[in-house]
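Notes to accompany the following structure.
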Amino acid sequence: MSHDPASDHRAAGPARARVAILTVSDTRDLATDKSGRLIQDLVEAGGHHVSERLLVKDEADEICATLLRLLQRADVDVALVTGGTGIASRDVTVDVVAEMIHKELTGFGELFRMLSFNEIGAAAMLSRAIAGTVDDKLVFVMPGSSAAVKLAMERLILPELVHSVGLLRQ
């Protein structure tokens, strides 16, 4: 029987991740934030801990300051961000996060758009979903729609969450 080094990496990861959720929206508040609530429900159903859930307006300074504050918390391994990934003039989340990222996880955006294409067709190319590391923390930026959040969380983020956190702790 052969030894699988990938299994060692997965086994070395934490039992659960500590997550901060940030919704970027000009039109929602925490009560009407379906995508942020869905992220929280999926994270908790996966046995992970939600350290904080916030909502900010689609303003670059607010997004940057809030995300930096969340990433500096000792009880946060991962920031899951929803909203502001499109091409409208108000969609600045990706631009802000791209400036913060040290190592981009290009596969996240590529796979997200591929999976989205299977569901919504060519409109998937309009998403600028992005992920990467900021120091020893992970950041995933997803579109604001609940369907996009469900896809990203279930197919990409949750299956690799503890493995990714474990790799950053090495």
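When L151, L80, L138 are checked against the criterion of being surrounded by 16 or more Cβ atoms within 10 Å (Cβ to Cβ), in contact with a Ser or Thr (Cβ under 9 Å, 6 or more places away or on another chain), modelled with pLDDT of 95 or more and not in a helix (DSSP H, G or I), L138 stands alone in meeting it. Only one entry in L68, L54 is modelled with pLDDT of 95 or more and touching a Ser or Thr at 6+ places or on another chain (Cβ under 8 Å), namely L54.
Inside segment 83-116, residues that are surrounded by fewer than 14 Cβ atoms within 10 Å (Cβ to Cβ) and touching a Ser or Thr at 6+ places or on another chain (Cβ under 8 Å) make up a count of 2. Got at least one residue in segment 71-85 being over 24 Å from G166 (Cβ atoms) and without any contact (Cβ under 8 Å) to a residue 12 or more places away in the chain? No: zero hits.
Which one is surrounded by the fewest Cβ atoms within 10 Å (Cβ to Cβ), of the residues in segment 7-34 that are at pLDDT below 90 and part of a loop (DSSP other than H, G, I, E, B)? Out of the qualifying residues, it is A15.
Of the set (1) closer than 20 Å to L138 by Cβ; (2) at pLDDT below 95; (3) out of contact with any strand residue (DSSP E or B) (no Cβ under 7 Å at 6 or more places or on another chain); (4) not acidic (D, E), all apply to G47 but (2).
The single residue among S89, S51 that is more than 16 Å from the chain's Cα centre (by Cα) and over 16 Å from I130 (Cβ atoms) turns out to be S89. Scanning segment 48-58 for residues that are surrounded by 15 or more Cβ atoms within 10 Å (Cβ to Cβ), of a type in the set (V, I, T) and touching a residue at least 60 places away in the same chain (Cβ under 8 Å) turns up nothing.
Among the residues of segment 92-115, those identified as in contact (Cβ under 8 Å) with a residue 24 or more places away in the chain, part of a helix (DSSP H, G or I) and under 15 Å from the mean Cα position of the chain (by Cα) are T93, V94, D95, V96, V97, A98, M100, F108, L111, F112. Right, L126: surrounded by fewer than 22 Cβ atoms within 10 Å (Cβ to Cβ) and not β-branched (V, I, T) or not? Against the criterion (surrounded by fewer than 22 Cβ atoms within 10 Å (Cβ to Cβ) and not β-branched (V, I, T)), L126 qualifies.
The values are calculated or read from the model by the stated rules, or taken from the named source; none is laboratory data. Just so it is clear, the structure is predicted and the values come from calculations on it, not from any experiment. Note: ideal-geometry Cβ built from the backbone for every residue, glycine included; neighbour counts use all protein chains shown.
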